[in-house]
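The next block holds one structure in the form of C-alpha cells; read it before the comments.
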Amino acid sequence: MKSRSQRLWRPLRSGLTLIEVAAGLALLGTLLVSVLLAEGRCRRQSAASRQRLAACRAAEAQLQALWADVDNFPRDGQGEVEGYPQFTWRTTLRKDGQADDLNVDVVRLEIEPRGAAPGEGAAITVDVVLPKQPETPQDLGQDRGQDRPGGPDAG
C-alpha cells in the first residue's frame, strides 16, 4: 500500500499551458514580422542601388558622347541618354564667381529617371569644368582687353 505522502504527490504534466503557447506564438509572430519588414527594406534598397548603378553607366555614356565634341558641349540642354531609354539628361550652366575668375564654365549634368516628377531629384549629378564660351560678341572684345579701363583702347 502507498503511503500518504506518495498518494498526495502527483507528477507534473509534461505539456505546456495555454499561456505559454500564447506567449510563444506572440514571440514567433513578432520575429516573423521583423524578418519580413527587413526583407522588404532590403529589396527596396537593392532596387534603388541597381537604378543608381544604371544611372552611373548612363552618365558615363552621356559624358563620353558630350566630350566627343567639347566645343559644342551644351551649357543648357536636355535629351534622352542614348542606349539608356529609362533615363533623360539635362545640363545647366552654374554661376560660380571662382570659376569666372579662372575663365571657365561649370556645367551640371543631371541624369534622371524618365518620368521623374519635378523636384524629385536627379539620380546622378556631375559637375563638368569647361573652357568659358563667350556669350555675346561684346564679350569677345572684352576678353582681348578692349572696352575696359586700362585696356588697349584706354586713352
Please compute the net charge surrounding Gly79, taking Lys and Arg as +1 and Asp and Glu as -1 over other residues with Cβ under 13 Å from its Cβ. -3
Multiply the residue gap between Ser34 and Arg114 by 0.36 nm, knock off their C-alpha separation, and tell me the result in nm, one decimal place. 25.4 nm
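We did not get these values from a lab; they are worked out from the coordinates using the rules stated. None of these values were measured; they are calculated from a predicted model. Glycine gets a Cβ as well: all are built from the backbone with ideal geometry, and neighbour counts include every protein chain shown.
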